[in-house]
Amino acid sequence: MYHAWLVPLLPALSFAVISLLTKQWKWLSATISIGAMVSGFIIAAFIAVGVLQHPGLINHPLVYSLRWLSMPGFKVDAGILLDPLSAMMLFMVTLVASLIQIYSLGYMRGEKGFSVFFAYMSLFGASMLLLVAASNLLELFVAWEGVGVCSYMLIGFYNHKISAREAAKKAFVTTRIGDTGLLLGLLSLQLIFGTLNIADLAQKIPQFQNIPLLITVAVLFFLGPVGKSGQFPLHVWLPDAMEGPTPVSALIHAATMVVAGVYLVGRMLFMFASVPPVMELVAWVGGFTAIFAASIAITQREIKRILAYSTISQIGYMMLGLGVGSLSAGFFHLWTHAFFKALMFLGAGSVLIGLHHKADVWEMGGLIKKMPITAVTFVVGGLAISGIPPFAGFWSKGDILDATLASGHTVLFVIGSFTAFLTAFYIWRMIFLCFFGKENPENHPQESPLVMTIPLMILALFSTVAGLIGTPWWDVWGRYIHFGTYVPPVANWPLMIGDTLLGALGIYAAYLFYCKDREKTKALAARQWFGGRLYDVLYHKYYLDELYMWFNHSMVDGVARLMYLFDIYVVDGIVNGVGAFTVAAGEGLRVFQTGRLQNYALVFFLGVLAVGVLLAFTGPHATLFLGGVR
Amino acid sequence: MPALAISPTNFVLLASVLFAIGLFGALTRKNAIAVLMCIELMLNAVNINLIAFSRFVTPQLFTGQIFAIFVITVAAAEVGVGLAIIINIYRHRLSVNLDDFDWLKW
Amino acid sequence: MTSIYQVGAFWLISLAIIFAAIMVVASRQLVHMVLWLAVCFIAVASMYFLLDADYLALVQIMVYAGAVSIMMIFGVMLTQRPDLKECLLFNNQLKLATLVVIVVLALTGGLTYGARWFVSGATVPADTIAHIGTLLLSKYVIPFEVAAVLLLVALIGAIVLAKEVKPGARSRD
């Protein structure tokens with residue numbers, strides 16, 4: 001367990017080696033990258049076993065650190081913090097990242113920048129693992145920005161496409177808004193408590209009395225996760241981020257990076273829990289985002305976009321779980337979601353490869369015959385996300401709803417339950433449209449190679465069984481990852497049955513609309529019946545992008561124009577004035593530059609004389625001159 | 001005859017006169033080699049100072065003498081390189097007149 | 001230093017040094033300059049003897065009066081041109097330079113005149129060479145080595161700079 005620092009270091013080394021040395025050799029680069037990640041996974045697995053054997057770590061995390069920088073009144077230690085939470089994240093991230101890198105071998109075959117892709121993936125892995133293992137908030141923030149940069153580079157990986165470049169910029173700028181808040185929060189914590197060590201803060205914050213101040217800090221802090229995890233209203237970058245290669249979407253924008261926000265909230269839950277109003281805020285933002293994104297997902301047509309909105313919605317769930325105070329439920333969903341969402345993204349990538357990047361689900365159909373492995377694994381993922389027992393999503397989603405109800409948030413519970421129904425509906429809409437129904441004669445799909453399908457199968461396995469470690473009867477999960485005192489769960493039968501029914505109902509509704517009915521007439525009719533307007537609103541994502549653009553054009557551009565004038569007349573005036581003065585002074589002083597050595601020497605000695613005379617008559621030994629006045 | 005006794009003052013005055021003569025030559029002579037020689041005069045003035053102090057102030061430590069050795073070393077190196085530069089310039093410009101060397105600008 | 005011989009020697013040598021130096025600056029012929037320079041160096045060397053620095057005096061004679069003067073002679077010969085005699089001896093900043101020199105002299109003289117020196121009564125040990133040699137190879141060994149490297153570099157640099165470039169030779173750069 002004392003080797004946890006190796007886990008982030010290995011991918012970082014791999015990034016350095018690939019980008020500096022082995023860029024020329026594609027397969028060598030890929031091997032190094034995958035090797036580093038798999039070794040990291042093995043170490044993380046040992047760490048996880050070690051943590052399971054030491055239950056004392058739950059309340060007293062293992063921290064070892066080095067002094068990073070130190071100045072009076074400001075010390076930063078960089079190090080590794082190990083407790084069940086971070087061990088679980090290390091395990092999950094390395095596992096998913098390894099599988100996705102292996103999958104990328106097939107997906108990225110023949111792409112330009114193959115080595116660069118793996119280098120970025122390694123760098124991302126390193127940043128994410130450091131983020132997870134960081135013992136200091138500043139260290140965490142560095143890693144946080146690191147994953148942001150990697151995300152930017154990987155979204156814009158196809159940088160010959162304008163849309164990819166724009167999406168990368170959008171992602172970067174949007175998350176920046178949140179990061180500013182996070183940074184302000186960090187600085188205030190440093191100012192108030194004089195430390196950024198998570199373990200120290202966990203001691204100090206619950207005793208802090210100035211609640212309004214803490215509320216401000218916590219809200220600022222929460223902005224970071226809102227941006228990074230794509231919560232309303234900063235979610236707009238996440239669907240556009242699908243411009244990146246599909247493995248990137250799977251790794252960064254579904255399974256790991258976007259849950260960094262959730263992780264941060266979970267890590268700092270001791271702070272949020274001290275200020276109940278902010279907890280309410282977290283819960284409501286999460287709940288609202290969940291239903292909001294799910295309603296958009298219903299109408300989308302591109303396979304990756306549907307999954308992107310689904311991701312936003314599921315992260316909303318996690319926030320909801322954390323907001324109602326249940327660390328174990330929120331993180332349990334994070335854990336299971338990582339597997340089934342990575343699975344579905346990789347499945348989508350497999351479909352896209354099979355169909356030569358045709359992404360519209362309405363143009364697919366019947367793929368199950370040609371791509372059986374992809375289809376079956378995808379269906380497993382669909383079952384998992386819809387909350388059908390015994391698949392993973394059922395247990396984690398059930399936990400969240402259970403916790404919501406138990407904490408007395410009835411409205412949020414209703415929202416969450418309805419979202420569960422919507423989730424099942426839109427996912428199965430996609431599945432029915434893609435894999436069932438009649439085949440589209442224009443498509444000539446074929447099954448992806450083994451290097452892509454094997455990760456799918458492994459992920460499908462995890463999507464099936466990963467939830468079984470947190471059932472009410474065998475709650476390993478909750479015993480290790482919880483906040484406050486541990487309450488053993490009780491099986492809530494009505495809720496469980498209700499969950500299942502909701503999921504099944506969603507699937508059935510999707511079946512009715514999109515599978516049984518070959519011509520999709522009912523679906524079209526329903527669209528009419530809902531009113532074209534509502535459909536349009538949903539299809540255009542509540543016109544939020546347009547709203548932001550309008551805001552951008554009217555407000556930001558207006559201010560910018562003002563600034564532009566200021567810049568032209570005031571700033572430029574000063575700058576040009578300085579330049580003109582320099583030129584004039586140069587012209588004037590040119591006379592003195594004769595270029596002749598002895599002139600210079602003479603002037604030099606004049607200077608020496610000036611200093612000498614000055615010292616001789618005014619310095620501390622002024623009396624020395626000619627004996628002075630003695 | 002205490003008034004005639006030789007103290008460091010005498011040596012320092014001698015050195016400053018020698019230095020001033022060298023400086024005058026270095027600032028005014030037109031020939032580059034002449035300037036080089038005048039610089040040697042200035043260095044010698046410094047050496048006289050060093051050795052005089054060594055003799056009067058710290059006779060047992062030899063600090064001034066060691067310094068003088070280094071000054072002589074550096075002076076020898078300087079003369080060598082300086083003459084080489086002058087010869088090189090002479091080859092290109094056919095002149096050792098410092099007034100002609102005014103391309104030390106721009 | 002109160003013996004009449006020493007005092008007399010000091011004044012004699014001082015006069016010689018200053019006279020030789022003035023002749024260096026004032027000579028029109030470069031060769032004469034070098035000769036007066038050698039005289040000056042030897043006078044300075046004898047001043048070193050007077051100051052009990054016999055080793056330094058030898059070095060002074062060998063390096064300055066010997067090597068440097070010879071090099072100067074070479075430099076003069078290699079850059080000799082027939083029209084050198086006609087041109088002016090001093091450049092156009094003569095007056096300003098004179099002023100500067102006088103002020104320098106006044107300043108240093110004034111400062112020196114008023115100064116009180118701490119004079120140690122001790123005498124210089126008899127075998128200066130042994131002491132200097134020990135010091136150079138123990139306490140000052142690093143400056144000593146650096147000086148050696150400096151000399152080597154200067155040597156190579158001087159050769160490279162002064163090496164004649166044959167017109168037909170291909171340029172290396």
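Couple of notes before you dig in:
- Candidates are the residues of the stretch C:103-116 that are in a helix (DSSP H, G or I) and either surrounded by fewer than 15 Cβ atoms within 10 Å (Cβ to Cβ) or more than 7 Å from chain A (Cβ to nearest Cβ) (or both); the one that is modelled with the lowest pLDDT is C:TYR113.
- Residue that is surrounded by the fewest Cβ atoms within 10 Å (Cβ to Cβ), among those in the stretch C:1-27 that are in a helix (DSSP H, G or I) and polar (S, T, N, Q): C:GLN6
- Close pairs from the stretch A:424-444: first under 10 Å from A:PHE378 (Cα atoms) and of a type in the set (A, V, I, L, M, F, W, C), partner outside any helix (DSSP H, G or I) and open to solvent by less than 30 Å² (accessible area, probe 1.4 Å), Cβ under 9 Å, at least 6 apart: A:PHE435/A:MET364; A:PHE435/A:GLY365; A:PHE435/A:GLY366; A:PHE435/A:MET371
- Given (1) in contact (Cβ under 8 Å) with a residue 60 or more places away in the chain; (2) under 14 Å from the mean Cα position of the chain (by Cα); (3) assigned to a helix (DSSP H, G or I), number of the condition A:GLN231 does not satisfy: (3)
- Hits in the stretch A:145-168 - residues which are open to solvent by less than 10 Å² (accessible area, probe 1.4 Å) and farther than 26 Å from A:LEU90 by Cα: A:ALA164, A:ALA167, A:ALA168
- Some residue of the stretch B:81-99 being part of a helix (DSSP H, G or I) and within 11 Å of chain A (Cβ to nearest Cβ): yes
- Residue that is farthest from the chain's Cα centre (by Cα) [pool: residues in the stretch A:396-432 that are buried (at least 24 other Cβ atoms within 10 Å of the Cβ) and charged (D, E, K, R)]: A:ARG429
- Scanning the stretch A:110-120 for residues that are farther than 13 Å from A:PRO247 by Cβ and open to solvent by less than 10 Å² (accessible area, probe 1.4 Å) yields A:SER115, A:ALA119.
- Of residues in the stretch A:186-198 being open to solvent by 40 Å² or more (accessible area, probe 1.4 Å) and among the aliphatic types (A, V, I, L, M), the one nearest to the chain's Cα centre (by Cα): A:LEU187
- Against the numbered list (1) more than 7 Å from every other protein chain (Cβ to nearest Cβ); (2) closer than 15 Å to A:GLN598 by Cα; (3) at pLDDT 90 or above, B:ALA32 comes up short only at (3).
- Looking across the stretch A:586-610, the residues that are closer than 17 Å to C:ALA97 by Cα, open to solvent by 50 Å² or more (accessible area, probe 1.4 Å) and hydrophobic (A, V, I, L, M, F, W, C) come down to A:PHE592, A:LEU597, A:VAL603, A:PHE604, A:LEU606, A:VAL608, A:ALA610.
- Candidates C:VAL68, C:VAL100 - the one that is away from chain A (no Cβ under 14 Å), of a type outside the set (D, E, K, R) and surrounded by 17 or more Cβ atoms within 10 Å (Cβ to Cβ): C:VAL68
- As for the stretch A:121-144, it holds no residue that is of a type in the set (Asp, Glu), closer than 30 Å to A:ILE353 by Cα and open to solvent by 10 Å² or more (accessible area, probe 1.4 Å).
- Considered as a group, the residues in the stretch B:4-21 that are open to solvent by less than 30 Å² (accessible area, probe 1.4 Å) and more than 7 Å from every other protein chain (Cβ to nearest Cβ) include one that is modelled with the highest pLDDT, and that residue is B:ALA15.
- The set of residues in the stretch A:433-484 that are assigned to a loop (DSSP other than H, G, I, E, B), open to solvent by 40 Å² or more (accessible area, probe 1.4 Å) and of a type in the set (A, V, I, L, M) is empty.
- Here the condition is being open to solvent by less than 20 Å² (accessible area, probe 1.4 Å), within 21 Å of A:ILE80 (Cα to Cα) and of a type outside the set (D, E, K, R); of A:LEU183, A:LEU214, A:LEU201, it holds for A:LEU201 alone.
- Those residues of the stretch B:60-74 which are buried (at least 19 other Cβ atoms within 10 Å of the Cβ) and either closer than 11 Å to C:HIS131 by Cα or at the interface with chain C (Cβ under 7 Å from one of its Cβ atoms) (or both), in sequence order: B:PHE62, B:GLN65, B:ILE66, B:ALA68, B:ILE69, B:ILE72, B:THR73
One line per residue, one yes/no per condition, for (1) of a type in the set (S, T, N, Q); (2) under 11 Å from the mean Cα position of the chain (by Cα); (3) farther than 30 Å from C:SER3 by Cβ:
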{"residue": "C:CYS40", "(1), (2), (3)": "no, yes, no"}
{"residue": "C:SER46", "(1), (2), (3)": "yes, no, no"}
{"residue": "C:ASP54", "(1), (2), (3)": "no, no, no"}
{"residue": "C:MET62", "(1), (2), (3)": "no, no, no"}
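- Selection status of B:ASN47, closer than 30 Å to C:LEU94 by Cα and open to solvent by less than 10 Å² (accessible area, probe 1.4 Å): yes
The values are calculated or read from the model by the stated rules, or taken from the named source; none is laboratory data. Since we're looking at a predicted model, the values are computed, not measured. Cβ atoms come from the backbone with ideal geometry, glycine included; neighbour counts cover every protein chain shown. Side chains are part of the model used for accessible areas, which takes the heavy atoms of the whole protein and leaves out ligands, DNA and RNA. Shrake-Rupley method; radii C 1.70, N 1.55, O 1.52, S 1.80 Å.
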